[in-house]
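Down below is the structure, laid out as structure tokens.
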Amino acid sequence: MGRKIEYSVSDTKTEREQSAKAGAEMVQKGVDLLIISADYDFGAPAGLAAKRAGIVAFSLGAADPKMGVQGVGPFVFTANGAAQVEGINMAEWAYKKKAFKRAYVLEDQTIEYSKSGCAGFRSAWKKLGGELAGGDVFKNDDPSIAAQITRIKAASAAPDAIYLCSFTPGGASVIRQVRAAGISTPILANVGMTDDYWLGAVPNLSNFYVPTFMSIFGDDPRPELNAFLKKYEVKYGGRPESAYSVLGYSLIEQWAKAVEKAKTTKAEPVVAVLESFKDEPLTVGPTSYTMDTHIQLNRPLLIMEVANGKHKSLEVWRNEIIPSTALLFRTGE
């Protein structure tokens with residue numbers, strides 16, 4: 001509306017208490033939009049401050065549907081898709097394009113994000129007719145998964161693939177230990193293992209597949225994502241460290257669209273416009289919301305392969321299986 005966006009930054013230090021404090025500070029400053037951490041566990045406390053003040057809040061990348069109407073509140077959205085969709089995408093792609101039939105699931109139980117990703121994979125894998133060769137759990141800060149590796153090797157039928165739902169640094173440690181144990185089975189991951197900043201922990205990694213929002217390596221099959229990459233490089237003098245950067249860009253992109261259409265920054269009219277989005281074209285991909293769903297359930301993801309320590313784009317995949325409410329909140333399926 002002809003207004004320049006001004007912003008202030010407060011460091012939440014990845015601490016829940018500091019998140020609540022930072023959210024309250026920003027609300028007191030009179031912000032029109034509160035951008036909160038890219039995770040439900042650490043972003044929700046700031047989001048609650050926005051809810052109490054009646055301000056729109058957007059998580060940069062929370063993948064838990066509780067970052068929305070049924071959890072933090074009706075004015076809270078996330079720029080990301082549900083973690084379950086990451087698992088569903090990898091299940092569909094692996095089953096249909098790689099013809100994998102047996103999968104072993106390694107679940108990081110540290111935060112809601114990773115638990116939800118594994119729930120999505122297991123649900124879709126069973127619907128597709130795949131067999132679960134086994135499963136195990138760990139925590140991101142576990143120094144060793146030797147016991148889990150022993151159980152993978154002891155599986156009655158060797159898996160065609162291992163599905164790992166985790167995030168760095170623990171996810172990288174798990175991959176390193178699995179490969180060091182002589183297990184060369186293809187590893188399917190979630191978006192939490194995107195990009196290459198962690199690959200030094202697993203030199204020359206191969207047979208690794210990961211879904212992501214975009215390629216930061218210039219080989220994305222979608223021209224609009226490569227155009228974004230070039231603009232980023234011009235502005236900042238180098239490529240982004242993470243594909244998550246495009247979520248931040250499209251967060252502002254969609255909020256600006258909603259404000260322009262609502263002709264105000266007030267929460268209720270802006271939320272009403274956002275909830276009317278149906279495959280709204282954004283740089284990150286088609287985006288949809290409803291009154292009950294403030295997270296993406298069907299936005300395409302790019303499947304990438306890591307071979308000899310290098311990423312390569314394979315194809316864009318849009319899930320056919322849409323997660324149910326029971327699966328999204330892990331009350332069923």
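The values are calculated or read from the model by the stated rules, or taken from the named source; none is laboratory data. Note that the coordinates shown come from a computational prediction; the quantities given were computed from them, not determined experimentally. Note that we place each Cβ from the backbone using ideal geometry, even for glycine, and neighbour counts take in every protein chain shown. These accessible areas exclude ligands, DNA and RNA; they are computed on the full protein's heavy atoms, side chains included. Shrake-Rupley method; radii C 1.70, N 1.55, O 1.52, S 1.80 Å.
Being assigned to a loop (DSSP other than H, G, I, E, B), open to solvent by 30 Å² or more (accessible area, probe 1.4 Å) and not aromatic (Phe, Trp, Tyr): is that true of residue 298 here?
The answer is yes for residue 298.
Please count how many residues of the stretch 91-113 are touching a residue at least 40 places away in the same chain (Cβ under 8 Å) and more than 17 Å from residue 209 (Cβ to Cβ).
Qualifying residue count, the stretch 91-113: 6.
From the residues in the stretch 172-229 that are over 19 Å from the mean Cα position of the chain (by Cα) and of a type in the set (Ser, Thr, Tyr), which one is farthest from residue 319 (Cα to Cα)?
The extreme case among them is 173.
Take the conditions closer than 30 Å to residue 67 by Cα, in contact (Cβ under 8 Å) with a residue 40 or more places away in the chain, open to solvent by 10 Å² or more (accessible area, probe 1.4 Å) and not in a helix (DSSP H, G or I) and apply them to residue 196. Does it pass?
In short, yes.
Six or more apart or on different chains, Cβ under 7 Å: which pairs go from a residue in the stretch 1-28 that's within 21 Å of residue 270 (Cβ to Cβ) to one that's open to solvent by 90 Å² or more (accessible area, probe 1.4 Å) and part of a helix (DSSP H, G or I)? Could you list them?
1/260; 8/29
With the condition kept exactly as written, say whether any residue in the stretch 25-33 is at pLDDT 95 or above, more than 24 Å from residue 275 (Cα to Cα) and acidic (Asp, Glu).
So far as the stretch 25-33 goes, yes, one or more of its residues are at pLDDT 95 or above, more than 24 Å from residue 275 (Cα to Cα) and acidic (Asp, Glu).
Taking interchain pairs and intrachain pairs at least six residues apart, which have beta carbon atoms under 6 angstrom, with the first residue in the stretch 157-182 and within 16 Å of residue 137 (Cα to Cα) and the second polar (S, T, N, Q)?
Every condition considered, the pairs that remain are 162/185; 165/114; 165/190; 166/114; 170/140.
Which members of the stretch 264-285 meet the condition of being over 28 Å from residue 231 (Cα atoms), touching a helix residue (DSSP H, G or I) at 6+ places or on another chain (Cβ under 8 Å) and in a loop (DSSP other than H, G, I, E, B)?
Passing the criteria: only 264.
Step by step: first the residues of the stretch 1-38, then only those that are hydroxyl-bearing (Ser, Thr, Tyr) and more than 23 Å from residue 113 (Cβ to Cβ), then the one that is least open to solvent (accessible area, probe 1.4 Å). Which residue is that?
Applying the filter and picking the extreme gives 8.
Looking only at helices (runs of 4 or more DSSP H) that lie completely in the stretch 75-165, which have at least 1 residues being closer than 26 Å to residue 43 by Cβ?
Ranges flagged: 83-97, 112-128.
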